[in-house]
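The next block holds one structure in the form of structure tokens; read it before the comments.
Please treat every number below as a calculation from the coordinates, not as lab data. All of these numbers come straight from a predicted model, not from anything done at the bench. Cβ atoms come from the backbone with ideal geometry, glycine included; neighbour counts cover every protein chain shown.
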Amino acid sequence: GASAVVDSTFATSGGTSVRFQNTELWHYTRIDQEVKVKPNTNYTLTYYYKHAADDTANNCYCFVRGGNGTIEDTELIGQAYMNGGFSTEWCMETISFRTGDSDKLCIDFRVVAGTHTYIDDVTLVEVQ
């Protein structure tokens, strides 16, 4: 099956992380969050991820979408592919982007079949 749950097995800080697990072929598991931002402003999104020792695929992504801030919005303003060489150690990923005219965006984490991945310490910072 596919799931995204709060897990206390691994964490960079705070005692929990989000664990994505997906064993269904040709499906993905996703968590997305609408976030209020300042229009036409530079931001940096930082997060940590690690793969479990039993990973069989490397298909993990983070998308930042602008416009109306929904997952259906097609304005992709930032993205990262979390391969980390199947690292079982925490890896930091950073996505820098500039918002458009809207005051919201959508941060979208997703994994596809064969993946067992943890995400932690997601931070969005305005760049001065």
Item to complete: Can you spot the lysines whose alpha carbon is less than 20 Å from residue 104's alpha carbon? Ignore those fewer than 8 places along the same chain.
Response: 36, 38
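How much net charge surrounds residue 110 when only the other residues with a Cβ under 9 Å from the Cβ of residue 110 are counted, with Lys and Arg +1 and Asp and Glu -1? Before the final figure, lay out each step's value.
Numbers: positive: 30; negative: 32, 108.
Every neighbour counted, the sum reads -1.
If you take the beta carbon distance between residue 33 and residue 53 as r and set R0 to 35 Å, what does 1/(1 + (r/R0)^6) give as a FRET efficiency, to the nearest 0.05?
0.80
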Fill in: Table column - 3J(HN,Hα) (Hz), region 36-53, Karplus curve with 6.51, -1.76, 1.60, x for Gly and Pro
6, 9, 8, x, 6, 10, 7, 9, 10, 9, 10, 7, 10, 9, 8, 9, 6, 4
Worksheet item: By how many nm would the segment from residue 124 to residue 8 grow when fully extended, if each residue of separation counts as 0.36 nm and the alpha-carbon distance is taken off?
Response: 39.5 nm
Worksheet item: With each pseudo-label sitting 7 Å past Cα toward Cβ, what's the residue 41-residue 91 distance in nm, one decimal?
Response: 3.0 nm
